[in-house]
Amino acid sequence: MSTKKIAVIGGGTMGSGIALTAATHGIDAVIIDISEEQLGRAKSYHEKQCARAVSKERMTQEESAEAIARLSYVTSMAEGSDAGWAVEAATENVDIKKKIFIQMNETFGNDVVLATNTSSISITDLASAIPEAQHRVIGMHFFNPVPVMKLVEVIKGNNTSEETTAATIALSESMGKIPVPANDFAGFVSNRVLMPMINEAFHAWSDGVAEPEDIDSIMKLGCAFPMGPLRLADYIGLDVCRDIMMVMYNGLDKNPKYLPNEKLVALVEAGSLGDKSGQGVYNYEKG
Ligand code: 3HC
């Protein structure tokens with residue numbers, strides 16, 4: 001196990017944030033994504049964030065150039081196969097993730113930790129796709145925006161080894177994060193608590209308790225949240241919120257309290273996914 005270079009599978013919001021955090025903490029990071037367009041977006045996000053850090057005097061020009069030089073972008077997993085650590089940050093879909101795990105197991109060395117940034121899916125279930133390497137599979141759940149949020153939720157599967165867990169804690173700390181353990185239940189701790197609150201905000205809106213702006217203002221001003229729950233839902237992605245609720249519904253005895261609110265589902269089905277589509281609970285088209 002070596003953490004001089006990590007491979008991040010998936011160049012979306014979470015993957016690009018994980019790679020940037022590694023690079024600004026002295027760790028090489030290769031982002032692997034089949035989409036050139038996605039890689040281009042990740043690269044410009046990295047350049048913009050490093051330039052901002054220089055302008056805010058959080059980094060020198062030289063440190064920024066070093067961080068940028070630690071980042072690379074490739075379209076095939078084979079091109080990143082020299083990494084000593086791999087973290088999957090692809091779409092929150094169990095079948096897609098299992099296929100990626102099979103490929104990761106074939107590509108990386110047999111002492112490489114195979115981590116997943118899943119926000120809700122069982123680590124034991126994902127690890128079952130690669131029975132011989134289950135001891136190297138672990139949940140390493142980062143939070144958006146990754147460079148800012150301090151937490152990494154660390155989730156062991158049934159067969160995760162102590163060595164894998166200790167190395168994951170050490171890597172999280174070397175990336176400036178605070179690792180906190182959670183057990184392998186659907187949604188872990190973070191989304192088990194957060195998503196029902198977001199869902200309840202949708203119920204409050206649907207029931208006419210208040211308009212979205214007022215629900216968010218009440219929670220921001222009354223409970224000191226940096227964003228209200230509906231604004232946060234748009235920021236996370238309404239499709240992601242719906243999918244996490246469904247993983248918890250299916251994974252926690254089909255308890256109806258985890259069923260996504262109808263308004264949330266209707267927005268997703270209409271293509272209103274939040275910030276990333278320009279329209280969610282709120283409209284972002286005019287910035
Ligand atoms: N990447 C890097 N840095 C970022 C960033 C990003 N995407 N977004 C904001 N920042 C930085 C800014 O650069 C700024 O730092 P600087 O001024 O020193 O440069 C700092 O964060 C504050 O940003 P802003 O001044 O633009 O705006 P805010 O003060 O409103 O903060 C926020 C923005 C940090 C996003 C804040 O609103 C917040 O903490 N919101 C809640 C986020 C949250 O709850 N995240 C968890 C989501 S759940 C999750 O991820 C789990 C998943 O499984 C669903």
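In Å and from the alpha-carbon atoms only, list the Rg and Dmax of the stretch 5-182.
In Å, with Rg to one decimal and Dmax whole: 15.3, 48.
Expected output is a single nm value to one decimal: the length gained when fully extending between THR91 and ALA166, i.e. 0.36 nm times separation in residues minus the C-alpha distance. What is it?
24.4 nm
Which trypsin sites (Lys or Arg not before Pro) does the stretch 51-141 hold that lie in a coil by DSSP with at most 16 other beta carbons within 10 Å?
Counting only loop positions with at most 16 other Cβ atoms within 10 Å, the trypsin sites (Lys or Arg not before Pro) in the stretch 51-141 are LYS56, ARG58.
Connecting C-alpha atoms closer than 10 Å in a GNM of the chain, tell me which of PRO181, PRO145, PRO256 has the biggest fluctuation.
PRO256
From the residues ASN105, MET59, ASN158, which one has its Cα farthest along the dipole of the chain in the positive direction, the dipole being from +1 and -1 charges on Cβ of Lys/Arg and Asp/Glu about the Cα centre?
Final value for the positive-end residue is MET59.
Specify which residue in the list LEU230, GLY15, MET149 is farthest towards the positive end of the charge dipole of the chain, using unit charges on the beta carbon of Lys, Arg (+1) and Asp, Glu (-1), about the Cα centre.
Farthest towards the positive end: MET149.
Quick check for me: using +1 on Lys/Arg Cβ and -1 on Asp/Glu Cβ, what's the dipole size of the chain about its Cα centre, in debye to the nearest 20?
With only Lys, Arg, Asp and Glu charged at Cβ, the dipole is about 340 debye.
Can you give the helix-only mean residue ellipticity at 222 nm for the chain, where every DSSP H stretch with n ≥ 4 adds -39500 (n - 2.57) and the sum goes over all residues, rounded to the nearest 500 deg cm²/dmol?
-14000 deg cm²/dmol
Test of understanding: what is the full-extension gain from VAL209 to ALA270, defined as 0.36 nm times their sequence separation minus their Cα-Cα distance?
19.6 nm
Need one value: the accessible area of ASP243 in square angstrom, 1.4 angstrom probe, rounded to the nearest 10.
50 Å²
The values are calculated or read from the model by the stated rules, or taken from the named source; none is laboratory data. From a predicted model like this one, the values you see are computed outputs, not experimental measurements. Don't worry about glycine lacking a Cβ; one is built from the backbone with ideal geometry, like all the others, and counts go over all protein chains shown. Ligands, DNA and RNA are excluded from the accessible area calculation, which covers all protein heavy atoms including side chains. Shrake-Rupley method; radii C 1.70, N 1.55, O 1.52, S 1.80 Å.
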